[in-house]
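K.L.:
Below is the structure I would like to discuss, written out as structure tokens.
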Amino acid sequence: MSNITMFIDQVMRYSYLQQALIAAILVGIICGVIGCFIILRGMALMGDAISHAVLPGVVIAYMIGVSFFIGATITGVLTALAIGYVSQNSRIKDDSAIGIMFTAAFALGIVLITGLRGTGVDLWHILFGNVLAVSRSDLMVTVGIGAFVLLMIIIFYRPLLLSTFDPVMAKATGVPVQLVHYLLMLLLSLVTVASLKTVGIVLVVAMLITPGATAYLLTDRLPVMLGLSALFGVIAAIGGMYYSVIYDVASGASIVLVASVLFGLAFFFSPKQGVITRKWRAKKVQRA
Amino acid sequence: MKKVIEVESLSVFYENNQAVKDISFQAEKGRLIGIVGPNGAGKSTLIKAILGLEKAQGKVRVLGEKVNDVRKQISYVPQRNQIDWDFPVLVEDVVMMGRFTHIPWYKKAGKKDLEIVIESLEKVGMLEYRKRQIGELSGGQQQRVFIARALAQHADLFFLDEPFVGIDVTSEEIIINLLREIKNEGKTVFVVHHDLSKVEQYFDELLLINKELVEYGEVKNVYKPDILSKTYKGSITLFGNDENIMVVSE
């Protein structure tokens, strides 16, 4: 109990911790919401790909002195387009195209970063996050991206739902399914940028997939799934920050671990889908 | 009579084969049309090509316009195996999707939309299941929900891809009766169908294809042994005469 009061006390006292916590909570919400669509579209690998593909954008933006969020968005979307182009214009299937393009982008980013040695771009921080270094302007970027992403989801909720659930019917009735796909890729790039400081490029996929998957095991309705997923993202953010502060361990990884534990609980004990709950119910039926 | 569909030398090419070969036909309003042929005859591909969902060569007019200009009037029911039945939507959510073409992007679904959803579910006899997740239903019930979605769309043209595959007799009866009702309202219904039994009772017209168009016309004129065996090229055996055909498929 004293640990918790200590955590609260520290958050109250240090403004950098407040900023870190707010950024982590925002990231939990937007990753959770976007992640639901990624899961339902079977695009977990794509989520991983786009998040890695922002790396060269971040480095190039740093080199030419523009906001890293512009560079990251551009390389993220370019990679999504390149993946679509390769899989549509050759016999290479989607997952292979994803594997080729994102590793290429990621490798380019690493080559650039190692060429820039001593310039202050810290590869480790981009890869794994450094939430305690969230500046005021970083927080503003995250707030802006978060508001934009949520607004787009609200506006395009119906086309997103329909093109995810039944793409052929969506196309037949005039939903621009391809455009919706690239909109989602744009949002995915933005979410990755927003998550850069908090969990980093490598672990952001966990924040996209794990809370959404947890929610998926607990509900049969998409709006509820979106809400639960965001909630689990927030719980992971706060819980992860708590462990990070109290035990002085990496914050991004702590956040991801809390999300993973939540998933484990849902996997075994979800009222309807849980592995153990189902066994237990089957036994009850047998006895009756 | 006004033509609702005009297709002129429509072809679909895949990498090294041709799925649809040079098909031309014109369909009239208020008809229930079966698209019939063996497996791999390009039946689904044909409707997707008509709807502009598949790269195709040739000319298509739908309701006298380019298909892109009349999409809101088109209702499409996919094959059951195209759907992720674990998707987190309830029966009523699926039917509401039929209303999406009518709701402007800045508005929420209104009371009228909900009424139409309920009315459509009532028509297919699925109202009591409205709060169920779609994966909890039987195959026939799932198909009825998708029919309800098509009804809720208030479209003029209906395309159904193999709606009778793997469903129970009750559902099949409910669906065919509804399709007849829709047709009697002056709408046009296309049904992809591969099973020859009941074809005579179900449809007004048949479009018999095996990559190319074999025959198109009134059921009584085209449901003939020579035409059927030409369509199915030996994959079925026919008994009887012109008036009374018995089909044994492999």
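K.L.:
Of the numbered conditions (1) within 11 Å of another protein chain (Cβ to nearest Cβ); (2) over 30 Å from residue A:36 (Cα atoms); (3) touching a residue at least 12 places away in the same chain (Cβ under 8 Å), residue B:61 satisfies every one except a single condition; which is it?
P.N.:
(1)
K.L.:
Answer with yes or no whether residue A:163 is part of a helix (DSSP H, G or I), touching a helix residue (DSSP H, G or I) at 6+ places or on another chain (Cβ under 8 Å) and at pLDDT 95 or above.
P.N.:
yes
K.L.:
Only residues that are part of a loop (DSSP other than H, G, I, E, B) and buried (at least 17 other Cβ atoms within 10 Å of the Cβ): list them for the stretch B:146-161, please.
P.N.:
B:153, B:155, B:156
K.L.:
A further question follows. Go through the stretch B:72-101 and give me each residue that's within 16 Å of residue B:156 (Cβ to Cβ), in a helix (DSSP H, G or I) and touching a helix residue (DSSP H, G or I) at 6+ places or on another chain (Cβ under 7 Å).
P.N.:
Hits for the stretch B:72-101 are B:72, B:101.
K.L.:
Can you tell me how many residues in the stretch A:252-288 are assigned to a helix (DSSP H, G or I) and under 24 Å from the mean Cα position of the chain (by Cα)?
P.N.:
Number of matching residues: 17.
K.L.:
Now for a separate question. Identify all residues within the stretch B:92-116 that are farther than 20 Å from residue A:167 by Cα and within 14 Å of another protein chain (Cβ to nearest Cβ); write none if there are none.
P.N.:
Selection gives B:106, B:107, B:108, B:109, B:110, B:113.
K.L.:
In the stretch B:17-63, how many are among the polar types (S, T, N, Q) and modelled with pLDDT under 90?
P.N.:
3
K.L.:
Restricting attention to the stretch A:196-226, which residues are surrounded by fewer than 24 Cβ atoms within 10 Å (Cβ to Cβ), part of a loop (DSSP other than H, G, I, E, B) and out of contact with any Lys or Arg (no Cβ under 9 Å at 6 or more places or on another chain)?
P.N.:
Scanning the stretch A:196-226 gives a single hit, A:221.
K.L.:
List pairs: first residue in the stretch B:77-91 and more than 7 Å from chain A (Cβ to nearest Cβ), second residue buried (at least 18 other Cβ atoms within 10 Å of the Cβ) and acidic (Asp, Glu) anywhere in the structure, Cβ distance under 8 angstrom, at least six positions apart or on different chains.
P.N.:
Correct list of pairs: B:77/B:161; B:79/B:161; B:79/B:162; B:80/B:162.
K.L.:
For residue A:180, are the conditions met, namely being away from every other protein chain (no Cβ under 12 Å) and without any contact (Cβ under 8 Å) to a residue 60 or more places away in the chain?
P.N.:
It is true that residue A:180 is away from every other protein chain (no Cβ under 12 Å) and without any contact (Cβ under 8 Å) to a residue 60 or more places away in the chain.
Rundown of residues vs (1) surrounded by 19 or more Cβ atoms within 10 Å (Cβ to Cβ); (2) touching a residue at least 12 places away in the same chain (Cβ under 8 Å), yes/no style:
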position: B:163; (1), (2): yes, yes
position: B:169; (1), (2): no, no
position: B:172; (1), (2): no, yes
position: B:175; (1), (2): yes, yes
position: B:189; (1), (2): yes, yes
position: B:206; (1), (2): yes, yes
position: B:226; (1), (2): no, no
position: B:231; (1), (2): yes, yes
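K.L.:
Right, another one. Which numbered condition trips up residue B:120, out of (1) small (Gly, Ala, Ser); (2) more than 10 Å from every other protein chain (Cβ to nearest Cβ); (3) assigned to a loop (DSSP other than H, G, I, E, B)?
P.N.:
Residue B:120 satisfies all of (1) small (Gly, Ala, Ser); (2) more than 10 Å from every other protein chain (Cβ to nearest Cβ); (3) assigned to a loop (DSSP other than H, G, I, E, B) except (3).
K.L.:
Would you point out which residue out of A:168, A:245 is within 14 Å of chain B (Cβ to nearest Cβ) and assigned to a helix (DSSP H, G or I)?
P.N.:
Criteria check complete, one pass: A:168.
K.L.:
Condition first: aliphatic (A, V, I, L, M) and assigned to a helix (DSSP H, G or I). Now tell me which residues in the stretch A:171-191 satisfy that.
P.N.:
Those that are aliphatic (A, V, I, L, M) and assigned to a helix (DSSP H, G or I): A:172, A:177, A:179, A:180, A:183, A:184, A:185, A:186, A:187, A:188, A:190, A:191.
K.L.:
Please pick out the residue among B:35, B:23 that is touching an Asp or Glu at 6+ places or on another chain (Cβ under 7 Å), crowded, with 21+ Cβ neighbours inside 10 Å and within 29 Å of residue B:184 (Cβ to Cβ).
P.N.:
Checking each option against the conditions leaves just B:23.
K.L.:
Hey, another quick one. Scanning for something within 11 Å of chain B (Cβ to nearest Cβ), surrounded by 15 or more Cβ atoms within 10 Å (Cβ to Cβ), free of Cβ contacts under 8 Å to residues at least 24 places away in the same chain and β-branched (Val, Ile, Thr), does the stretch A:134-154 turn up at least one residue?
P.N.:
No; the residues of the stretch A:134-154 include none that is within 11 Å of chain B (Cβ to nearest Cβ), surrounded by 15 or more Cβ atoms within 10 Å (Cβ to Cβ), free of Cβ contacts under 8 Å to residues at least 24 places away in the same chain and β-branched (Val, Ile, Thr).
K.L.:
Follow-up. Check the stretch A:259-271 and report whether any residue there is at pLDDT 90 or above, of a type outside the set (D, E, K, R) and within 13 Å of residue A:24 (Cβ to Cβ).
P.N.:
Checked the stretch A:259-271: at least one residue is at pLDDT 90 or above, of a type outside the set (D, E, K, R) and within 13 Å of residue A:24 (Cβ to Cβ).
K.L.:
For the stretch B:158-176, which positions are under 14 Å from the mean Cα position of the chain (by Cα) and more than 14 Å from chain A (Cβ to nearest Cβ)?
P.N.:
Matches in the stretch B:158-176: B:164, B:165, B:172, B:175, B:176.
K.L.:
Any residue in the stretch B:38-51 that is among the small types (Gly, Ala, Ser), within 9 Å of chain A (Cβ to nearest Cβ) and either under 20 Å from residue B:203 (Cα atoms) or in a loop (DSSP other than H, G, I, E, B) (or both)?
P.N.:
Among the residues of the stretch B:38-51, not one is among the small types (Gly, Ala, Ser), within 9 Å of chain A (Cβ to nearest Cβ) and either under 20 Å from residue B:203 (Cα atoms) or in a loop (DSSP other than H, G, I, E, B) (or both), which makes the answer no.
K.L.:
Can I ask one more? Look at residue B:131 and say whether it is in a loop (DSSP other than H, G, I, E, B) and either within 9 Å of chain A (Cβ to nearest Cβ) or at pLDDT 95 or above (or both).
P.N.:
yes
K.L.:
Could I ask something else about it? From the list B:226, B:195, exactly one residue is out of contact with any Gly (no Cβ under 8 Å at 6 or more places or on another chain), farther than 14 Å from residue B:30 by Cα, assigned to a loop (DSSP other than H, G, I, E, B) and away from chain A (no Cβ under 14 Å). Which is it?
P.N.:
The unique qualifying residue is B:195.
K.L.:
Condition (residue is under 12 Å from residue A:188 (Cβ atoms) and either surrounded by 20 or more Cβ atoms within 10 Å (Cβ to Cβ) or without any contact (Cβ under 8 Å) to a residue 24 or more places away in the chain (or both)) applied to the stretch A:7-27: is it met by at least one residue?
P.N.:
Checking the stretch A:7-27: not a single residue is under 12 Å from residue A:188 (Cβ atoms) and either surrounded by 20 or more Cβ atoms within 10 Å (Cβ to Cβ) or without any contact (Cβ under 8 Å) to a residue 24 or more places away in the chain (or both).
K.L.:
Check A:108, A:112, A:81, A:127 and return the single one that is under 12 Å from residue A:50 (Cα atoms) and outside any loop (DSSP other than H, G, I, E, B).
P.N.:
Just a single option satisfies the conditions, and that option is A:81.
K.L.:
For the stretch B:12-33, check the following and say yes or no: at least one residue is among the polar types (S, T, N, Q) and without any contact (Cβ under 8 Å) to a residue 12 or more places away in the chain.
P.N.:
yes
The values are calculated or read from the model by the stated rules, or taken from the named source; none is laboratory data. In this text the structure is predicted, and so the values were computed from the model without any measurement. Note that we place each Cβ from the backbone using ideal geometry, even for glycine, and neighbour counts take in every protein chain shown.
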